[in-house]
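One structure is given here, and the rest of the page talks about it.
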Amino acid sequence: MPEEASAEQLETIQKIMKGERTCMITTINAEGALHSHPMTTQEAQFDGNCWFIMSQKSGTSANVEANPQVNVAYAGGSSWLSLAGTAQIVRDQAKKKELWNTFTESWFTDGAEDPDVVLLHVETTSAQYWDSPGKAVTMVSMLKAKITGDTPSAGESDTVQL
């Protein structure tokens, strides 16, 4: 079983989330098939919870109602993050207004008052991540390892409980 996340590991997770913002949420539909959908994280102050704004008519919403187990995956040029957890549809007008922004407005033109617009709350249970120092530094490390016979330093990777 993975260890409990340290403050430093939580900081790394938050850094990756803030750096990427757009993620893929994988849900399980009523027939048991996996379905992935791009979403934008609305709150990147990571405390074990992720918030998203979506249409309650979406396939993602129906899938979460059928099976709340989800995976949230972020990937960038030099890092990736996979969060496992449980999702729920939240109809909280105050929280929706708190998370609402200009980007959200471009997707949901009827505004925060639109009853079709709901929140997706993901309470995470574990995280797996890799945070590398970047392509150039990784390449230099690989070349140095080739010469010295050492293992290259490709960054920090870990799996933690949240």
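The values are calculated or read from the model by the stated rules, or taken from the named source; none is laboratory data. Keep in mind that this is a model prediction, so the values were computed, not measured. Don't worry about glycine lacking a Cβ; one is built from the backbone with ideal geometry, like all the others, and counts go over all protein chains shown. Heavy atoms of the whole protein, side chains included, go into the accessibility calculation; ligands, DNA and RNA do not. Shrake-Rupley method; radii C 1.70, N 1.55, O 1.52, S 1.80 Å.
Could you please find all residues in the range 77-100 being of a type outside the set (A, V, I, L, M), open to solvent by less than 80 Å² (accessible area, probe 1.4 Å) and modelled with pLDDT of 90 or more?
Of everything in the range 77-100, those that are of a type outside the set (A, V, I, L, M), open to solvent by less than 80 Å² (accessible area, probe 1.4 Å) and modelled with pLDDT of 90 or more turn out to be SER79, SER82, GLY85, THR86, ASP92, GLN93, LYS95, LYS96, TRP100.
Just the residues that are of a type in the set (Val, Ile, Thr) and under 16 Å from ASN101 (Cα atoms), please, taken from the range 25-45.
Listed by number, the residues that qualify are THR40, THR41.
Return the pairs, sorted by first residue and then second, in which the second residue is surrounded by 15 or more Cβ atoms within 10 Å (Cβ to Cβ) and in a loop (DSSP other than H, G, I, E, B), the first residue lies in the range 48-77 and is without any contact (Cβ under 8 Å) to a residue 12 or more places away in the chain, the beta carbons are less than 8 Å apart, and the residues are 6+ apart or on different chains.
none
Hey, can you tell me all the residues within the range 3-27 that are of a type in the set (A, V, I, L, M) and open to solvent by 40 Å² or more (accessible area, probe 1.4 Å)?
ALA7, LEU10, MET24
Search the range 28-45 for residues being in contact with a helix residue (DSSP H, G or I) (Cβ under 7 Å, 6 or more places away or on another chain) and more than 21 Å from ASP131 (Cβ to Cβ), and hand back the single one that is surrounded by the most Cβ atoms within 10 Å (Cβ to Cβ).
Result: GLN42.
Mind counting the residues in the range 101-127 that are open to solvent by less than 60 Å² (accessible area, probe 1.4 Å) and part of a strand (DSSP E or B)?
Within the range 101-127, residues that are open to solvent by less than 60 Å² (accessible area, probe 1.4 Å) and part of a strand (DSSP E or B) number 9.
When you scan the range 58-76, how many residues do you find that are of a type in the set (Val, Ile, Thr) and exposed (fewer than 14 other Cβ atoms within 10 Å of the Cβ)?
0
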